[in-house]
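Q: Starting off with a structure, shown below.
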Amino acid sequence: MGISVYEPAEPLADEARRHAAVNASGALQATGDDALRGIVRMTRRHLGASMAAISIVHEDWQYLIAADGLSEGAYSRRTSFCGHVVRMPGVVLDVPDASRDDRFAGNPVVTEDGGIRSYAGAALLDDEGVALGTLCVFDWRVRPPLSAAATEELLANAAEVIERLRVLKGQAH
């Protein structure tokens with residue numbers, strides 16, 4: 001068996017623009033919103049995952065502003081699957097077995113005992129198409145690739161998250 005080396009996702013060339021978009025969105029102030037938690041809970045249940053979250057990727061951190069099956073809070077961007085998703089907006093990242101995926105096999109959150117085995121995430125895109133973060137599901141077990149219907153549901157729920165963030169931002173003004 002070979003040695004797996006993990007390389008975190010590189011920041012985008014226009015990362016400053018993405019950070020400005022995150023700040024302007026008000027997403028980091030949305031932690032604990034019941035409607036966002038409801039979207040996350042529904043996504044986790046419908047996709048049959050152990051955990052789901054809305055992750056806002058900002059600077060060196062990913063902020064789970066709503067989560068089901070794990071705690072909300074700040075986690076390192078270095079080991080984040082979501083950091084990869086923000087680099088490819090519009091594409092659902094589906095990783096059925098992270099231990100067999102060269103991008104993630106050496107990731108400490110995969111290699112640790114009881115580590116993450118599967119992940120699927122859709123980017124949360126603002127009106128300019130800038131990825132603020134993700135709506136994602138993940139699990140301690142390997143799972144089959146997402147079906148076309150599950151992929152569409154994940155994308156639709158991500159759009160619902162963006163709509164809720166718009167409503168919350170409007171209420172803050």
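Q: Helix 34-47 against the longest principal axis of the chain: what's the angle in degrees, Cα atoms only, rounded to the nearest 10?
A: 30 degrees
Q: Relative to the present Cα-Cα distance, how much length would full extension add between D14 and S147 at 0.36 nm per residue of separation? Mind showing how you got there, number by number?
A: Values: separation 133, 0.36 × 133 = 47.88 nm, distance 3.26 nm.
That pair, D14 and S147, stretches by 44.6 nm at full extension.
Q: I would also like to ask the following. Once you sort the root eigenvalues of the Cα gyration tensor of the range 96-173 as a ≥ b ≥ c, which label holds: rounded (a/c under 1.5), prolate (a/b larger than b/c) or oblate (the other case)?
A: Taking the square roots of the gyration eigenvalues as a ≥ b ≥ c, the range 96-173 is prolate.
Q: While we're looking at this one, here's another question. Picking from A21, Q171, G106, whose Cα lies most toward the positive end of the charge dipole for the chain (charges on Cβ: Lys, Arg +1; Asp, Glu -1)?
A: Checked the options; the winner is Q171.
Q: Separate question: Computed from the mean reciprocal separation of all distinct C-alpha pairs, what Kirkwood hydrodynamic radius does the chain have, in Å?
A: Numbers: mean 1/r = 0.0627 Å⁻¹.
One over the average 1/r among Cα pairs gives 15.9 Å for the chain.
Q: Please determine, in degrees from 0 to 90 and to the nearest 10, the orientation of helix 15-25 with respect to the longest principal axis defined by the Cα atoms of the chain, where the helix direction is its Cα long axis.
A: It works out to around 50 degrees.
Q: Just how large is the dipole of the range 15-172 about the Cα centre, in debye to the nearest 20, putting +1 at every Lys and Arg Cβ and -1 at every Asp and Glu Cβ?
A: On the way: 17 positive and 21 negative charges, 18 e Å.
In total the dipole reaches around 80 debye.
Every read-out reported here was derived from the displayed coordinates using simple, explicitly stated rules and does not represent laboratory data. What you are looking at is a predicted structure, and each value in this text was computed from that prediction instead of being measured. Cβ: placed from backbone, ideal geometry, glycine included. Neighbour counts: every protein chain shown.
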